[in-house]
1. Restricting the search to region 33-60, which residues are farther than 21 Å from ILE75 by Cα and either part of a helix (DSSP H, G or I) or touching a Leu at 6+ places or on another chain (Cβ under 9 Å) (or both)?
2. Restricting to region 14-37, name every residue that is of a type outside the set (A, V, I, L, M, F, W, C) and open to solvent by less than 70 Å² (accessible area, probe 1.4 Å).
3. Working only within region 45-68, note down all residues that are within 22 Å of ILE102 (Cα to Cα) and surrounded by 11 or more Cβ atoms within 10 Å (Cβ to Cβ).
4. Does any residue of region 70-84 turn out to be in a helix (DSSP H, G or I), small (Gly, Ala, Ser), surrounded by 15 or more Cβ atoms within 10 Å (Cβ to Cβ) and at pLDDT below 95?
Amino acid sequence: PACHHTVTMSQKKQVAHLFKNLMHIAQEYPGKEPSQVRHLIKNAFRKNSNLQKTEEIEEAIKKGWYIVDQMERLISFAKYRHLRRKYDPSWAEGHEKQIKDILENL
């Protein structure tokens with residue numbers, strides 16, 4: 001069927017909404033400059049710009065929203081870590097290297 005090989009208007013709106021959300025989240029992403037994160041996001045969208053099949057596009061959109069969720073979790077964790085260090089400096093001493101390793105491996 002032709003409907004399985006064409007990009008729908010709904011998908012275009014979903015992709016635009018996803019892109020906008022990722023660009024907004026890039027402003028708060030910890031450990032990298034917002035411009036670096038935006039560059040990575042743009043490259044990922046360019047890489048997938050050749051997708052034509054509805055199923056492939058849907059899968060890419062799902063993956064994109066999963067990434068949004070993970071980025072939001074990481075931002076929340078970074079904010080928590082900041083507050084924890086601010087109010088309990090001794091906590092940071094034992095966890096700083098472990099946290100740095102986690103962020104570098106993302």
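The values are calculated or read from the model by the stated rules, or taken from the named source; none is laboratory data. Keep in mind the model is a prediction, meaning the values are calculated, not measured. Cβ coordinates were reconstructed from backbone atoms using ideal geometry, including for glycine residues, and neighbour counts include every protein chain displayed. Ligands, DNA and RNA are stripped out before the accessible areas are found, and what is left, the full protein with its side chains, is counted by its heavy atoms. Shrake-Rupley method; radii C 1.70, N 1.55, O 1.52, S 1.80 Å.
1. Of region 33-60, the ones farther than 21 Å from ILE75 by Cα are 43, 45-60.
Of everything in region 33-60, those that are farther than 21 Å from ILE75 by Cα and either part of a helix (DSSP H, G or I) or touching a Leu at 6+ places or on another chain (Cβ under 9 Å) (or both) turn out to be ASN43, PHE45, ARG46, LYS47, THR54, GLU55, GLU56, ILE57, GLU58, GLU59, ALA60.
2. Going residue by residue through region 14-37, those that are of a type outside the set (A, V, I, L, M, F, W, C) are 14, 17, 20-21, 24, 27-36.
Passing the criteria: GLN14, ASN21, TYR29, PRO30, PRO34, SER35.
3. Residues of region 45-68 within 22 Å of ILE102 (Cα to Cα): 63-68.
Listed by number, the residues that qualify are LYS63, GLY64, TRP65, ILE67, VAL68.
4. Let us first name the residues in region 70-84 that are in a helix (DSSP H, G or I), namely 70-84.
After this cut, where a residue has to be small (Gly, Ala, Ser) as well, the list is 76, 78.
Pick out the ones that are also surrounded by 15 or more Cβ atoms within 10 Å (Cβ to Cβ) and you get 78.
The next check asks that each one be at pLDDT below 95; those that pass are 78.
Yes, some residue in region 70-84 is in a helix (DSSP H, G or I), small (Gly, Ala, Ser), surrounded by 15 or more Cβ atoms within 10 Å (Cβ to Cβ) and at pLDDT below 95.
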